[in-house]
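K.L.:
Before I ask anything, let me first share the structure, which is written out below as structure tokens.
The values are calculated or read from the model by the stated rules, or taken from the named source; none is laboratory data. Bear in mind that the values here come from a model prediction, so they are computed numbers and not experimental data. When we count neighbours, we look across all protein chains shown, and the Cβ atoms used for this are built from the backbone with ideal geometry, even at glycine. What goes into the accessible areas is simple: the full protein's heavy atoms, side chains included, and nothing from ligands, DNA or RNA. Shrake-Rupley method; radii C 1.70, N 1.55, O 1.52, S 1.80 Å.
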Amino acid sequence: MPQDPRRCIMHLDLDAFFAAVEQRDKPSLRGRPVIVGGLGGRGVVATASYEARRFGARSAMPTIEARRRCPAGTAFLAGRYAAYRASSEVVMEILRGCSPLVEQVSVDEAYVDLGRPAGSLGWEDDVEAWCRELLGRITEATGGLTASVGLATTKMMAKLASEMDKPAGVTLVRPGEELEVLHALSVRAIPGIGPATASRLHGFGVDTVADLARMSEPDLVSIFGTAHGAALHRLARAEDERAVVVEREAKSISVEETFENDVSDRAALESELRRMSRGLAGRLERTGVFARTITVKARQHDFTTQTRSGTLPFATGDAAIILREGRRLLRSVDVTSGLRLLGLGVAGLTAHAQEELALETAYPLLGDAALPDAVGALEEDADGTTVVDDGDEAEVPRAVAGRMLPGWRTGQDVRHDEHGAGWVWGSGRGVVTVRFEGPRTVPGPVRSFAEGDPALHQAEPPDWRDPPP
């Protein structure tokens with residue numbers, strides 16, 4: 001069913017964002033295949049540059065598979081999330097100058113309501129020319145990054161449109177064109193249809209959205225249940241009334257580690273929890289919220305996953321309390337066969353905190369037994385509002401208990417007292433190799449140093465707006 005023709009919603013998606021930032025900041029990588037993500041044996045690709053995608057590399061692929069597919073000379077880099085956030089903030093500020101209704105859904109994508117009176121224009125204007133001018137402004141402001149946009153009368157159609165002409169594309173699905181565009185697509189285009197659901201639909205002769213739209217709502221409900229079946233029936237008809245929401249309330253914050261080797265040493269696992277609790281406390285502080293529920297996620301060597309949750313009688317942002325509860329919950333998990341993944345999360349977020357000591361008369365928190373406890377999973381909301389901590393360490397699989405990866409991560413920003421700014425080209429066997437270059441330089445020289453060289457320091461990401469040296 002066609003949507004309200006007065007709605008004009010844009011979805012903007014930065015192209016191959018992480019890899020594009022790396023190529024901007026590292027001129028020797030421009031035009032070359034670049035993979036950003038976990039570098040260990042169990043690492044996963046976060047972003048593949050378009051040069052790498054030509055060889056079949058893609059997001060969510062195991063890094064080891066990407067290494068098999070990509071040629072020699074492909075750069076495999078750990079993430080630099082401070083650099084990505086800095087570029088993202090510039091883009092989001094530009095979008096907020098276009099409309100008061102901007103819904104940022106991740107570091108590299110957002111919805112913008114452009115329809116009058118909320119936004120700056122409508123379908124009667126030359127929206128395609130306006131979008132191309134906007135993309136030019138973004139490229140200039142970010143030092144060369146590109147984005148793709150889709151415009152439609154609904155959020156779903158706008159997002160689908162933004163994926164149709166990448167990179168740097170502009171795709172419009174005008175009022176009345178929704179069904180023609182949507183029904184030609186695979187059912188996988190519909191949000192909520194993954195491989196398992198698509199396979200099940202295929203058994204009923206459903207491969208395209210047009211096939212899905214021919215199914216009755218009672219049939220879909222009988223197969224998938226009331227909520228999911230009814231949602232599929234609506235979306236197959238392009239019915240999506242979701243508004244662009246300026247504030248997206250985070251329901252939870254979590255961080256997890258995939259280990260290089262299965263870890264059964266409980267002391268080593270608790271050491272990981274200590275690091276995670278500090279990161280979560282920092283994220284809570286930056287967000288200005290406090291949490292009541294603590295969750296530990298443990299994945300065994302055979303991929304069996306357990307979660308343990310406990311709810312405090314007060315909201316906290318204290319790393320020590322988060323760690324204490326995390327340790328208590330981990331004690332109920334059998335780790336003797338080794339964990340391949342450990343996670344720590346907080347939920348029950350609130351803007352107000354109560355001091356623990358003030359509640360001791362009601363809850364004598366001198367022992368674990370006094371704490372309310374519940375066992376269950378910390379689930380992601382269907383609208384994606386679960387927040388995963390985006391610190392560097394969260395994305396890089398690590399080994400523990402004496403098997404740590406080198407302190408110098410490939411792609412990491414560094415500064416040398418004599419040679420200036422650069423980034424880690426590689427490290428190992430007590431040597432770290434650095435390429436000295438930046439966003440506004442030509443490809444720079446490569447030099448090697450002892451890992452403990454006192455003249456070599458970790459550094460903040462370079463600012464692409466700084467004039468060339």
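K.L.:
Between a residue in region 285-304 that is among the basic types (Lys, Arg) and any residue that is not in a strand (DSSP E or B), which pairs come within a Cβ distance under 7 Å, given they are 6 or more apart or on different chains?
P.N.:
Arg292/Gly348
K.L.:
Looking at (1) assigned to a loop (DSSP other than H, G, I, E, B); (2) open to solvent by 10 Å² or more (accessible area, probe 1.4 Å); (3) at negative phi, which one does Val206 not meet, given that it meets all the others?
P.N.:
Only one criterion in (1) assigned to a loop (DSSP other than H, G, I, E, B); (2) open to solvent by 10 Å² or more (accessible area, probe 1.4 Å); (3) at negative phi is unmet by Val206, namely (2).
K.L.:
Which of (1) part of a helix (DSSP H, G or I); (2) open to solvent by 30 Å² or more (accessible area, probe 1.4 Å); (3) among the small types (Gly, Ala, Ser); (4) closer than 29 Å to Leu12 by Cβ does Ser271 not meet, given it meets every other one?
P.N.:
Among (1) part of a helix (DSSP H, G or I); (2) open to solvent by 30 Å² or more (accessible area, probe 1.4 Å); (3) among the small types (Gly, Ala, Ser); (4) closer than 29 Å to Leu12 by Cβ, Ser271 violates only (4).
K.L.:
Now a separate question. Keeping to region 41-78, report how many residues are within 22 Å of Asp13 (Cα to Cα), open to solvent by 10 Å² or more (accessible area, probe 1.4 Å) and more than 16 Å from the chain's Cα centre (by Cα).
P.N.:
Going through region 41-78 one residue at a time, the tally reaches 5.
K.L.:
Right, here's the next one. Of all residues being surrounded by 17 or more Cβ atoms within 10 Å (Cβ to Cβ) and touching a strand residue (DSSP E or B) at 6+ places or on another chain (Cβ under 7 Å) in region 179-197, which is farthest from Ala231 (Cα to Cα)? Just the residue, please.
P.N.:
So, considering only residues that are surrounded by 17 or more Cβ atoms within 10 Å (Cβ to Cβ) and touching a strand residue (DSSP E or B) at 6+ places or on another chain (Cβ under 7 Å), the one farthest from Ala231 (Cα to Cα) is His183.
K.L.:
Tally up the residues in region 79-103 that are open to solvent by less than 20 Å² (accessible area, probe 1.4 Å), under 21 Å from the mean Cα position of the chain (by Cα) and modelled with pLDDT of 90 or more, please.
P.N.:
10
K.L.:
Quick check on region 114-155: of everything there that is of a type outside the set (A, V, I, L, M, F, W, C) and assigned to a helix (DSSP H, G or I), which residue is most open to solvent (accessible area, probe 1.4 Å)?
P.N.:
Only one residue tops the list, namely Glu140.
K.L.:
Kindly indicate whether Glu257 is free of Cβ contacts under 8 Å to residues at least 40 places away in the same chain and within 22 Å of the chain's Cα centre (by Cα).
P.N.:
When the stated conditions are applied, Glu257 does not pass them.
K.L.:
Against the condition open to solvent by less than 20 Å² (accessible area, probe 1.4 Å), small (Gly, Ala, Ser) and touching a Leu at 6+ places or on another chain (Cβ under 7 Å), how does Ala158 come out, does it pass?
P.N.:
Yes: the conditions hold for Ala158.
K.L.:
Report the residue count in region 420-450 for those that are open to solvent by 60 Å² or more (accessible area, probe 1.4 Å) and not in a strand (DSSP E or B).
P.N.:
Residues that pass the stated criteria total 5.
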